[in-house]
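S.K.: One structure coming up, written as structure tokens, with questions to follow.
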Amino acid sequence: MLLGKLCAAAWRCILAEVRRLLGRDDVVPGMIAAMQTRGELLHGHPHFHTLVTCGAFTAEGEFLDVPERDLGRLETDWQEAVFALYLAEE
């Protein structure tokens, strides 16, 4: 199902961006996501509401703050991931 794939893509984008910002491949951010399929007027409008930590955890439990956030890059990565999913569904 495409909605499940979109949720997984959101996680992959967040994970990749946090790891890029911290310069480490061994950290994991915290994230809670709620998928919504309808908009204000009950029309089809799939989207996610997410809470993401401002950093990531090491395997030892240490929390590392993300020094900066590049939302423009994250948005571009997300758009590319969604486009790739749509192309794969055809």
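The values are calculated or read from the model by the stated rules, or taken from the named source; none is laboratory data. Keep in mind it's a predicted model, so treat the numbers as computed, not measured. Backbone-built Cβ (ideal geometry, glycine too); neighbour counts: all protein chains shown.
S.K.: Restricting attention to region 30-38, does a residue exist that is surrounded by 14 or more Cβ atoms within 10 Å (Cβ to Cβ) and more than 18 Å from GLU17 (Cα to Cα)?
M.R.: Yes, the conditions are met somewhere in region 30-38.
S.K.: I'm told GLY39 meets every condition in (1) over 24 Å from LEU2 (Cα atoms); (2) of a type in the set (Gly, Ala, Ser); (3) free of Cβ contacts under 8 Å to residues at least 12 places away in the same chain except one. Can you identify the failing condition by its number?
M.R.: So the condition that GLY39 fails would be (1).
S.K.: Just to be sure I understand the filter: pairs with C-beta atoms under 7 Å, separated by 6 or more residues or on different chains, first member in region 21-33 and farther than 16 Å from PRO67 by Cα, second member in a loop (DSSP other than H, G, I, E, B) and among the small types (Gly, Ala, Ser). Which pairs pass?
M.R.: From residues that are farther than 16 Å from PRO67 by Cα, the pairs are ASP26/ALA59.
S.K.: So in region 25-72, with the set limited to residues that are assigned to a loop (DSSP other than H, G, I, E, B) and of a type in the set (Ser, Thr, Tyr), which one is modelled with the highest pLDDT? Before the answer, list the steps.
M.R.: Just the residues of region 25-72 that are assigned to a loop (DSSP other than H, G, I, E, B), to begin with: 25-27, 29-30, 39-43, 53-54, 58-62, 66-70.
From what is left, the residues that are of a type in the set (Ser, Thr, Tyr) are 53, 58.
Values: THR53: 95, THR58: 98.
Top of the filtered list is THR58.
S.K.: I need every pair where a residue in region 56-83 that is more than 14 Å from GLU17 (Cα to Cα) and of a type in the set (D, E, K, R) has its Cβ under 6 Å from the Cβ of a residue that is in a loop (DSSP other than H, G, I, E, B) and at pLDDT 95 or above, sequence separation at least 6 or different chains.
M.R.: none
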